[in-house]
Amino acid sequence: TQLLEQSPQFLSIQEGENLTVYCNSSSVFSSLQWYRQEPGEGPVLLVTVVTGGEVKKLKRLTFQFGDARKDSSLHITAAQPGDTGLYLCAGALTGTASKLTFGTGTRLQVTL
Amino acid sequence: DTAVSQTPKYLVTQMGNDKSIKCEQNLGHDTMYWYKQDSKKFLKIMFSYNNKELIINETVPNRFSPKSPDKAHLNLHINSLELGDSAVYFCASSQSMTGRAFFGQGTRLTVV
């Protein structure tokens with residue numbers, strides 16, 4: 001079992017549709033990051049959320065950290081082909097020996 | 001200027017060979033990582049070095065040996081390559097263990 005489960009694993013939608021990606025865990029994280037990875041490239045950070053209940057917006061992307069800091073969601077409004085990619089959440093566990101643990105990933109394809 | 005650069009980008013080699021992947025970061029970060037991304041796109045940490053000291057060594061075969069000659073470099077040497085080692089290997093760096101991670105472009109290793 002993976003520490004951070006993302007759903008859905010795959011998502012294929014048309015341009016203009018809305019979507020939500022979920023990142024769930026039974027563990028509490030001190031912070032959570034969302035990355036996007038395009039083919040042939042490394043992941044690139046989109047946002048970091050730190051406070052339970054925090055909401056951050058990045059243009060058409062809205063990120064929310066769960067109140068208990070165990071889960072997060074990414075909502076995209078009016079998706080565009082440029083949003084296509086692999087979305088990864090990554091959590092930093094509380095306590096010592098902290099490290100980033102990556103989620104299972106969500107592959108998004110947006111078609112015209 | 002590339003922040004995290006790793007070479008080579010592609011590596012095709014026969015089973016049993018020994019190979020190395022090099023990584024350099026020019027961000028002044030104190031922490032560097034090696035991640036392995038499998039065919040399902042799951043990104044799993046292998047090693048982490050903080051100020052040249054090995055901090056994280058996940059369950060990785062002894063055939064994999066990281067070396068950090070200084071804070072800006074973290075190389076990965078792999079002995080006796082096996083078919084199952086085929087994957088994309090990412091180098092990354094961050095300031096602190098849970099800070100934003102900057103990734104290299106990845107090295108696609110194919111063992112035949």
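Values for this structure:
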| item | result |
| --- | --- |
| B/A buried area, accessible surface, summed, 1.4 Å probe, Å² | 1600 Å² |
| Within the protein assembly as shown, percent of DSSP bridges classed antiparallel, to nearest 5 | 90 percent |
| Relative contact order (%) - chain B, alpha-carbon pairs under 8 angstrom, separation at least six | 37 percent |
| Number of partner chain Cβ atoms within 10 Å, mean per residue of A:32-45 | 4 |
| Average partner coverage of A:100-108, which counts Cβ from other chains inside 10 Å | 4 |
| Simple label model, 7 Å out from Cα along Cβ direction - residue B:2 to residue A:50, nm | 3.2 nm |
| Sequence-separation-based contact order of the stretch A:36-112, relative, with Cα cut under 8 Å and 6+ spacing, percent | 24 percent |
| Listed residues A:16, A:91, A:40, most fluctuating in chain A (Gaussian network, C-alpha, under 10 Å) | A:40 |
| Cα pair distances exceeding 24 angstrom across chain B, given as percent | 17 percent |
| Ordering of A:24-34, B:18-28 by burial proxy (mean other Cβ atoms within 10 Å per residue, highest first) | A:24-34, B:18-28 |
| Cβ neighbours within 10 Å from other chains - mean over B:91-99 | 4 |
| Unit charges on C-beta of K, R, D, E only; dipole of the stretch A:34-86, Debye | 160 debye |
| Whole-Hz ³J(HN,Hα) from phi, Karplus 6.51 cos²θ - 1.76 cosθ + 1.60, for the stretch A:33-47, glycine and proline x | 10, 10, 10, 10, 10, 9, x, x, 10, x, x, 10, 5, 9, 7 |
| Calculated P(r) of the protein assembly as shown - Cα pairs past 27 Å, % | 34 percent |
| Rounded to the nearest 20 debye, dipole of chain A from Cβ charges on Lys, Arg, Asp, Glu | 240 debye |
| Dipole moment magnitude, nearest 20 debye, the stretch B:19-97 about Cα centre, only Lys, Arg, Asp, Glu C-beta charged | 160 debye |
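The values are calculated or read from the model by the stated rules, or taken from the named source; none is laboratory data. Just so we're clear, the structure is a prediction, and the values are computed from it rather than from any experiment. So basically every Cβ, Gly included, is an ideal-geometry build from the backbone, and we count neighbours across all protein chains shown. In case anyone asks, the SASA skips ligands and DNA or RNA and just uses the protein heavy atoms, side chains included. Shrake-Rupley method; radii C 1.70, N 1.55, O 1.52, S 1.80 Å.
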